[in-house]
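The values are calculated or read from the model by the stated rules, or taken from the named source; none is laboratory data. On a predicted model such as this, the values are computed, not experimentally measured, just so you know. Cβ atoms come from the backbone with ideal geometry, glycine included; neighbour counts cover every protein chain shown. Note: accessible area is taken over every heavy atom of the protein model, side chains too, but ligands, DNA and RNA are not part of it. Shrake-Rupley method; radii C 1.70, N 1.55, O 1.52, S 1.80 Å.
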Amino acid sequence: MTITAEHVAEYLDALAKPQGSMGRLEDFAIKLAVAQKSLHPQTKPRRIVLFAGDHGVVENGVSAWPSGVTTVMMETILAEKATSTALATAHSADLRLVDVGSMQPPDKNKQTAAFSDVRVAAGTASLATGAAMTKAQFQQAWAAGEAEAKQAYKDGFVLLMAGEMGIGNTTSAACLTMLLAEAEAPIATGRGAGADEEILSNKLDIVARAHKRADKLFADDLIAAIAEVAGFEIAAMAGFYAQAARQGSAVLLDGYVTTAAALIAERLVPGATRNMIAAHLSAEPGHHVALDYLGLEPLLEWQMRLGEGTGALTALPLLDSAAALLNDVAKLSDIMP
């Protein structure tokens, strides 16, 4: 039987509680059940895959941080001392780190079984001056994401998340949100990891010019247009989401950069977002435009903007609660005489 939102709503209304009394939690129980095609959805075991990649545009002054921070944070993740690893441990989520494009690979001595090195290149080219990547590189990064989703499914994980690590990636996300969700540059372009007014002004100019180039390619060659402004980690997440949709895996979406990847997945594989639940609305101004375009309503609005999948990890207890509502509450007809 096909599980529709109406079926799940009817089931919730039949439980031993006043109808609608759990408010928005019931909305997300419906989303989860429809995504998994089951009135008894599961949220465990779950896996988060962090895709890392550097952006050449950082050299053009779009970030308050240098590209080297990407590798430093990758090593911190491998040492299990990052915010993402702390939250993954707290909420029993398996975590993998995939290096699809760091300029400086992490220390080999710090790699673990949770690390995968499938680098497409040593960071993208600068989107400020030309295409960030070739179409072949985009497809290679996409394939790496697909492979991770397939492996997660094979390993038995029922809930998937993706996160990212890449200094400068909100610049790419802004370009993609303009290109694919028709956002205006001042809305799509935020401060990222703490840009001041001077950096933000420069970033806005670069985003507007890069989008203009990509937009000229859009009608004739969609993949070339996306590759013009994408990041390797963003392309990998897009492939991850597309494959998750094909195999029927439920996906908990993180913040702005991951939602830019979801825009790519939806454009190239229509319907990819049907299995997605948005964890949160970030502090980046373009995020709400991207979520609205995809028709996704976030669980949380807490002004988070770290990345690394931390918003999705933070929202996991709410999703667990939604699953518990469907799995563990008696029907009113079963307890009433």
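Points worth noting:
- Index of the failed condition, PRO66 passing every other in (1) open to solvent by less than 30 Å² (accessible area, probe 1.4 Å); (2) within 13 Å of GLY166 (Cβ to Cβ); (3) not acidic (Asp, Glu): (1)
- Within the stretch 179-198, the set of residues being in a helix (DSSP H, G or I), open to solvent by 20 Å² or more (accessible area, probe 1.4 Å) and closer than 15 Å to ALA260 by Cα comprises just one member, ILE187.
- Annotation note: of ILE167, ILE206, the sole residue that is touching a residue at least 24 places away in the same chain (Cβ under 8 Å) and under 21 Å from SER102 (Cβ atoms) is ILE167.
- Pairs with Cβ under 9 Å, 6+ apart, first in the stretch 223-248 and without any contact (Cβ under 8 Å) to a residue 24 or more places away in the chain, second in a helix (DSSP H, G or I): ARG246/GLU146; ARG246/ALA149; ARG246/ALA272
- Per the listing ALA174, ALA162, the residue uniquely part of a helix (DSSP H, G or I) and open to solvent by less than 50 Å² (accessible area, probe 1.4 Å) is ALA174.
- Selection status of ILE264, touching a Leu at 6+ places or on another chain (Cβ under 9 Å) and either assigned to a strand (DSSP E or B) or closer than 21 Å to THR43 by Cβ (or both): no
- Within the stretch 268-284, being in a loop (DSSP other than H, G, I, E, B) and not hydrophobic (A, V, I, L, M, F, W, C) holds for PRO270, GLY271, SER282, GLU284.
- Residues located in the stretch 1-29, provided they are open to solvent by less than 30 Å² (accessible area, probe 1.4 Å) and assigned to a loop (DSSP other than H, G, I, E, B): ILE3
- Looking only at the stretch 79-116, and only at residues there that are in a loop (DSSP other than H, G, I, E, B) and either among the small types (Gly, Ala, Ser) or touching a Cys at 6+ places or on another chain (Cβ under 7 Å) (or both), the one that is farthest from MET133 (Cα to Cα): SER92
- Within the stretch 285-309, the set of residues being part of a loop (DSSP other than H, G, I, E, B) and under 12 Å from the mean Cα position of the chain (by Cα) comprises GLY307, GLU308, GLY309.
- Across the stretch 321-333, the qualifying residues are those that are part of a helix (DSSP H, G or I) and touching a residue at least 40 places away in the same chain (Cβ under 8 Å), and the one among them that is surrounded by the most Cβ atoms within 10 Å (Cβ to Cβ) is ALA322.
- Of all residues in the stretch 279-320 being polar (S, T, N, Q) and open to solvent by 20 Å² or more (accessible area, probe 1.4 Å), the one that is farthest from VAL8 (Cα to Cα): GLN303
- Only listed residue being charged (D, E, K, R) and open to solvent by less than 20 Å² (accessible area, probe 1.4 Å), chosen from ASP94, ASP99: ASP99
- The residues of the stretch 45-57 that are in contact with a helix residue (DSSP H, G or I) (Cβ under 8 Å, 6 or more places away or on another chain) and open to solvent by 10 Å² or more (accessible area, probe 1.4 Å) amount to a single one, ARG47.
- Of ALA152, ALA125, all but one fail to be under 20 Å from the mean Cα position of the chain (by Cα) and either more than 23 Å from GLU266 (Cβ to Cβ) or part of a helix (DSSP H, G or I) (or both); the exception is ALA152.
- Looking only at the stretch 108-129, and only at residues there that are of a type outside the set (A, V, I, L, M, F, W, C) and farther than 10 Å from VAL57 by Cβ, the one that is least open to solvent (accessible area, probe 1.4 Å): SER116
- Total residues in the stretch 69-89 satisfying the condition of being touching a residue at least 40 places away in the same chain (Cβ under 8 Å) and either open to solvent by 60 Å² or more (accessible area, probe 1.4 Å) or under 28 Å from VAL207 (Cβ atoms) (or both): the figure is 8.
- Positions within the stretch 30-42 being open to solvent by 10 Å² or more (accessible area, probe 1.4 Å) and either closer than 16 Å to VAL257 by Cα or not basic (Lys, Arg) (or both), in sequence order: ILE30, VAL34, GLN36, SER38, LEU39, HIS40, GLN42
- Whichever residue in the stretch 199-225 is of a type in the set (Gly, Ala, Ser) and not in a loop (DSSP other than H, G, I, E, B) and, among such residues, is surrounded by the fewest Cβ atoms within 10 Å (Cβ to Cβ): SER201
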